[in-house]
Amino acid sequence: MGTFSIWHWLIVLVVVLVLFGGKGKISSLMGDFGKGLKSFKKGMKEDEAEADQDSPKVTDGSGAHAEAEKDKTASS
């Protein structure tokens, strides 16, 4: 049987059957993975949108706008 024993071929056969055997296990696994990834990305976008609405934006990088907002809320 060449350089591989019967055990090597049995292991290869089992792996091939698990990966490619019956009802498209690989495609259903990858489909579920894709749905999960898409849902995760959607959740991250929603979190970013909520964070953008809740916090003031700093455009110049100096934090002056954020400091002004803090002073407004502190004096109110």
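The values are calculated or read from the model by the stated rules, or taken from the named source; none is laboratory data. No experiment lies behind these values; they were computed from the predicted model shown. Heads up, the Cβs are rebuilt from the backbone with ideal geometry, glycines too, and the neighbour counts pull from every protein chain shown.
Values as computed for the structure displayed
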| quantity | calculated |
| --- | --- |
| Residue in the stretch 40-76 that is surrounded by the most Cβ atoms within 10 Å (Cβ to Cβ), counting only those that are assigned to a loop (DSSP other than H, G, I, E, B) and at pLDDT 60 or above | Pro56 |
| The stretch 6-39: number of residues that are at pLDDT 85 or above and surrounded by fewer than 10 Cβ atoms within 10 Å (Cβ to Cβ) | 2 |
